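The values are calculated or read from the model by the stated rules, or taken from the named source; none is laboratory data. Keep in mind that this is a model prediction, so the values were computed, not measured. With ideal geometry, Cβ positions are generated from the backbone for all residues, glycine too; neighbour counts draw on all protein chains shown. For the accessible areas, the whole protein counts, side chains as well, though only heavy atoms, and no ligand, DNA or RNA atoms are used. Shrake-Rupley method; radii C 1.70, N 1.55, O 1.52, S 1.80 Å.
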Amino acid sequence: MTAVRVGGRTLGLSNLDKALYPDGWTKGEVIDYYARIADTMLPHVRDRALTRLRFPGGVPRASTAPHTGGTTPLAAGSFYEKNAPVSTPAWVRRQPVRTSEGVIDYVVAEETATLVWLANLAALELHVPQWTIASGVVGPDGVLDLPGEEPRDGEPLADRVVVDLDPGAGMDVLDSAHAALLVAQVLAGDGLVPVPQTSGSKGVQVYAAVAPCRARDAWAYVKGLNAAMAKARPDFFVASMSVEQRRGRIYVDHNQDLPARNTIAPYSLRGRERPSVATPVSWEELAAATRPEDLHFSPAAVLDRVAQHGDLAADLLLDDRPPLPDAS
């Protein structure tokens, strides 16, 4: 056990030389990345319920079996974690949220030390919803109710929408990039400021900040976009979740805007065979990419990009946010 001081907190770090990626990238390097990216990443995850994807045994080598689209199965030995572990330090913020699964005691990352603590638990991936905790009203029992289908006073509100572009079988991240450019035209036409992010795999997400609104309304807007893109370009987009129908097409996954769902946070590592990062990019980069490698970013590359360009997702953090367009 190695004791370190992070922002005034004392943390005990363990097994720093343990390889968490097949190429030998270690837990110590994972921790170092999250410590160094924290100032840029924290504004995008602060005040949001954090779901972690943990790899205590490390990321296994990729299967040789082809992936046919749809949700990627969990790697062996990995698991999603929503509830705060029993060993959670007292200084880590937690927020109980009442969901259809019962009350979930979520971790909320507000400081660098929290990201370092999670990295020490091999929480490689960090996922957050589009709604914020502070926008809701916590009940007398200290529990926040998850937004529901029907409007109600005090429900947490979304302050951004996400258009999750999921490529079907036979497609790659370049197809997702092309789809993102088409989607961005629609969002911009609706008065929003689109922000692209690579998923760290084959997909691309397009985010846009909106004035706080019901999460269900944000979902309805992106659902309408799903239908509109499939109608305008049926050769390229598909509205169906069917794996077979999605072959060779891009699915606009509007369900990522549902209150109970979450997406990979900007600057989060991914649990893929090679260390990669969900990386905000410029529209110029997206349009200029000619190889999948052009849109794959290592942790070291992301740190260099932030040092050179700052936060390319900064438009998601503006106080003056446009209203959500009418879903009709």
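Considering ALA218, ALA179, the condition of being open to solvent by less than 10 Å² (accessible area, probe 1.4 Å), farther than 30 Å from VAL137 by Cβ and either modelled with pLDDT of 95 or more or part of a strand (DSSP E or B) (or both) is satisfied by ALA179 alone. Please indicate, with yes or no, whether at least one residue in segment 237-249 is β-branched (Val, Ile, Thr) and surrounded by fewer than 20 Cβ atoms within 10 Å (Cβ to Cβ). Looking through segment 237-249, at least one residue is β-branched (Val, Ile, Thr) and surrounded by fewer than 20 Cβ atoms within 10 Å (Cβ to Cβ).
When ALA307, ALA313, ALA288 are screened for being in contact with a helix residue (DSSP H, G or I) (Cβ under 8 Å, 6 or more places away or on another chain), at pLDDT 95 or above and loosely packed, with under 15 Cβ neighbours inside 10 Å, only ALA288 passes.
The residue that is surrounded by the fewest Cβ atoms within 10 Å (Cβ to Cβ), counting only those in segment 96-139 that are more than 19 Å from the chain's Cα centre (by Cα) and among the polar types (S, T, N, Q), is SER100.
Residue-by-condition table, conditions (1) under 30 Å from ALA209 (Cβ atoms); (2) within 16 Å of the chain's Cα centre (by Cα); (3) modelled with pLDDT of 95 or more; (4) crowded, with 16+ Cβ neighbours inside 10 Å:
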position	(1), (2), (3), (4)
ARG5	no, no, yes, no
LEU11	no, no, yes, yes
ASP17	no, no, yes, no
ARG46	yes, yes, yes, yes
ALA49	yes, yes, yes, yes
LEU53	yes, yes, yes, yes
ALA62	no, no, no, no
PRO73	no, no, no, no
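Would you call LEU174 over 19 Å from the mean Cα position of the chain (by Cα), open to solvent by 30 Å² or more (accessible area, probe 1.4 Å) and modelled with pLDDT of 95 or more? Judged against the criteria, LEU174 is a match.
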